[in-house]
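Structure record follows, encoded as structure tokens.
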């Protein structure tokens with residue numbers, strides 16, 4: 001691909017070469033996606049993310065040298081603008097919750113169709129959450145079970161506005177424009193939201209707000 005300015009630049013990390021080749025082939029069938037680098041272990045993924053600064057990192061959970069969970073933690077600490085999509089065969093609850101708590105934006109199973117995986121990459125790049133239906137059920141069950149056991153401080157009106165915009169898929173920049181505040185202020189509100197909801201990611205915050213009845217199920221508005 002010669003013109004990459006408007007393409008979604010993807011790093012693909014999976015320790016199976018045949019799997020990587022297959023995923024790369026159908027991802028690049030999309031006109032606006034380019035795989036800029038491939039890694040066969042987690043340590044290599046981190047180095048290539050530093051070198052290429054992709055828009056989205058597509059990671060398996062289990063990889064040599066560093067797991068997808070560890071790579072996700074590193075991305076959130078060092079390359080926060082990189083979207084993280086977990087693409088794996090594992091749907092075990094501990095893997096799902098660990099990755100989402102680490103800050104992954106999406107979790108899709110390898111049994112998904114090529115079209116679904118392409119859509120997940122685009123959703124993550126656009127600032128949306130991308131969760132397989134079965135994964136969403138696990139998240140909701142986990143969050144619901146935890147929500148009843150603790151007292152949660154109520155969100156301020158502004159925090160509620162920010163979380164509603166997050167649920168609707170807006171990026172920090174778009175939220176700032178919508179609400180007439182700076183990106184830094186949006187980040188500050190998100191930090192307070194995460195603290196109050198005991199959440200480690202945008203997805204987890206939204207799901208916890210839904211389970212508490214603060215956010216309507218259609219993700220349209222915060223309930224009073």
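Quick grid of which residues meet (1) under 26 Å from residue 122 (Cα atoms); (2) touching a helix residue (DSSP H, G or I) at 6+ places or on another chain (Cβ under 9 Å); (3) at pLDDT 85 or above:
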residue	(1), (2), (3)
151	no, no, no
156	no, yes, yes
166	yes, yes, no
170	yes, yes, no
176	yes, yes, yes
182	yes, yes, yes
191	yes, no, yes
196	no, yes, yes
Exercise. Determine, yes or no, whether residue 58 is surrounded by 20 or more Cβ atoms within 10 Å (Cβ to Cβ), at pLDDT below 95, closer than 19 Å to residue 128 by Cα and in the same structural domain as residue 112 (by TED's automatic domain parsing).
Key: no
Quiz item: Can residue 209 be described as at pLDDT below 85 and touching a strand residue (DSSP E or B) at 6+ places or on another chain (Cβ under 6 Å)?
Solution: yes
Quiz prompt | Where a residue in segment 165-185 is at positive phi and its partner, wherever it lies, is buried (at least 19 other Cβ atoms within 10 Å of the Cβ), with Cβ under 7 Å and at least six apart | solution = 169/127; 169/128
Quiz item: Out of segment 90-103, which residues are over 18 Å from residue 207 (Cα atoms) and free of Cβ contacts under 8 Å to residues at least 24 places away in the same chain?
Solution: 92
Quiz item: Checking residue 76 against (1) in contact with a strand residue (DSSP E or B) (Cβ under 9 Å, 6 or more places away or on another chain); (2) surrounded by 17 or more Cβ atoms within 10 Å (Cβ to Cβ), which single condition isn't satisfied?
Solution: (2)
Exercise. Scan segment 73-105 for residues that are under 18 Å from residue 194 (Cβ atoms) and either out of contact with any helix residue (DSSP H, G or I) (no Cβ under 9 Å at 6 or more places or on another chain) or not in a helix (DSSP H, G or I) (or both) and report the count.
Key: 8
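The values are calculated or read from the model by the stated rules, or taken from the named source; none is laboratory data. None of the values given here were measured: they were computed from a predicted structure. FYI the Cβ positions are ideal-geometry reconstructions off the backbone, even for glycines, and counts take in every protein chain you see.
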